[in-house]
Amino acid sequence: MNPETTNKFQKIYDEESDAIFRFCLTRVSNREQSLDITQDTFMRLWENIIQKKDIINYRAFLFTIARNLIIDWYRKKKNISLDKIIEEGDGKFDLIDNSMISNLEIKSEGKYILDKISELGETYQTILYLRFVDDLSIKEIAEVLNISENATSVRINRGLEELRNKIK
Amino acid sequence: MKNTNDEKMNNGLNEIKNIKMTSSEKDHIFQNILNKTKPHQPPVRSPFFLFSFNNSPYLKFAIFFMVILAGGGIIISNNSDKKIAISPAQNYYREMNQANNDYLKNQNNNINTNNEDNKIVTVINKKENDNVIINQPKLATSMTMTSEALSPTIIYKTKKNYLNNISVCYKNGEITCFPGPTDIINQRPTKLANGYLLKKMPGDVFLGITIDEFIKNENDWFSFIKVENIIDYNPYTEIYSCQPGLSEEEINKIILSNNIQNNCVNILNQN
């Protein structure tokens, strides 16, 4: 393998792997599963890099892949019928897992904030998480969630307002 | 987020950001990704790409070659009074037959068999002017003689006694060929002079499975063909490729007269 390609991948891996793992861990029910999804996510990136495919934004690409893999995992795990998936939409599956928060190895304030984010509506949860925990730009979030930048911006402001009210 | 001035929220977010993989988990995943990946292979090009009308340069070449080939065929048939135009495949088989014919003729000369009753005649081409006649010893079919003529005689010695072990071909971490349970009965190596063995089974490495075990488990024999069952990757101390079609008696003569180096090729380093 070309060392330049490996170095490029390693740099992205070092920078983003923790964020992707964290994103997965707060959404699936166990650490092992989160590691598996993280590995699969970076495997996709690696395949794209060695095939010399153009990826404009690696962060957005990684979060999009991770989100899709989480949705796939939920579909398999919960054995939900196709009708129900169509009825409820895919968005419900990549939300923060409430049952997981108490098991996370973080301090009380972190658990508290995560708990409050999970209480927000589906529209705001992932957006606020990506913006304030993983520091994704509005453009990157729009790309991950496949919505316009304008809609992203509006949802961030409204979600933040709602979060503030909950914390008070 | 600066505008919120909410220390509690900032602290909470910072705590969430501290969720990380351990360094061993991180390294493990990274190594997994690098090891799992197969080298990218370019897609296989369609054999009909030349005829694609979307690609005009190829089309021009295709037409050019078609004209040349057609013209070439006409020239061959015109210039030959006695011969007919032949395809490359026909030409190949004709050359093969000629080679076999020469080889068999030499063999027959060596054993001085001049008796016409001891030969059969095979006509390869039905055209009268183009007959190829092969003289073969009686009771041997054309197919048998051809295959014997083409496969070299392999004799070898091993570090340990693998007389009853299965041998398989091993290449790039995989088993690429192995004997079948029905054929293997006739593939036991034959003992020759000075401890040499005559190779009849394919393969360059030995499994820890004996031929008898292999035959006994006729329903489960395939489970034996595993890389884990290989017990010796470099089993040979000597291995030679000799001229095809040698009988055991002839090989023994060569061995006993210390003429292996003159009559055979040492292929130990090639394995």
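Coordinate-derived values only; no laboratory data. All of these numbers come straight from a predicted model, not from anything done at the bench. Note that we place each Cβ from the backbone using ideal geometry, even for glycine, and neighbour counts take in every protein chain shown.
What to note about this one:
- Under 5 Å, built H, 5+ apart or other chain: amide partners of residue B:265: B:241, B:242
- Loop-located trypsin sites (Lys or Arg not before Pro) in region B:175-244 (DSSP state not H, G, I, E or B) with no more than 14 neighbouring Cβ atoms inside 10 Å: B:226.
- Calculated on the Cα set of region A:106-168, radius of gyration then Dmax: 11.6, 35 Å.
- Taking other Cβ atoms within 10 Å as a rough exposure proxy, A:41, A:126, A:5 sort from fewest to most as A:5, A:126, A:41.
- Neighbour counting of Cβ atoms within 10 Å sorts the residues A:43, B:9, fewest neighbours leading, into A:43, B:9.
- Loop sites in region B:209-253: GluC sites (Glu not before Pro), DSSP, at most 11 other Cβ within 10 Å: B:218
- Among B:254, B:231, B:185, B:260, sorting on how many other beta-carbon atoms sit within 10 Å of each Cβ, with the fewest leading, yields B:185, B:231, B:260, B:254.
- Members of A:77/A:139; A:52/A:139; B:160/B:199; A:77/B:26 lying beyond 27 Å, as alpha-carbon distances in this model show: A:77/A:139
- Treating each Cα of region B:151-266 as one equal point scatterer and applying the Debye formula with no solvent, the log10 of I(q)/I(0) at q = 0.10, 0.12, 0.18, 0.19 Å⁻¹ comes out as -0.31, -0.44, -0.91, -0.99.
- Charged neighbours of residue A:137, selected by a Cβ distance under 13 Å, balance to -2 (K, R count +1; D, E count -1).
- Using θ = phi - 60° and Karplus 6.51 cos²θ - 1.76 cosθ + 1.60, couplings along region B:251-257 (whole Hz; Gly, Pro as x): 5, 4, 4, 4, 5, 5, 8
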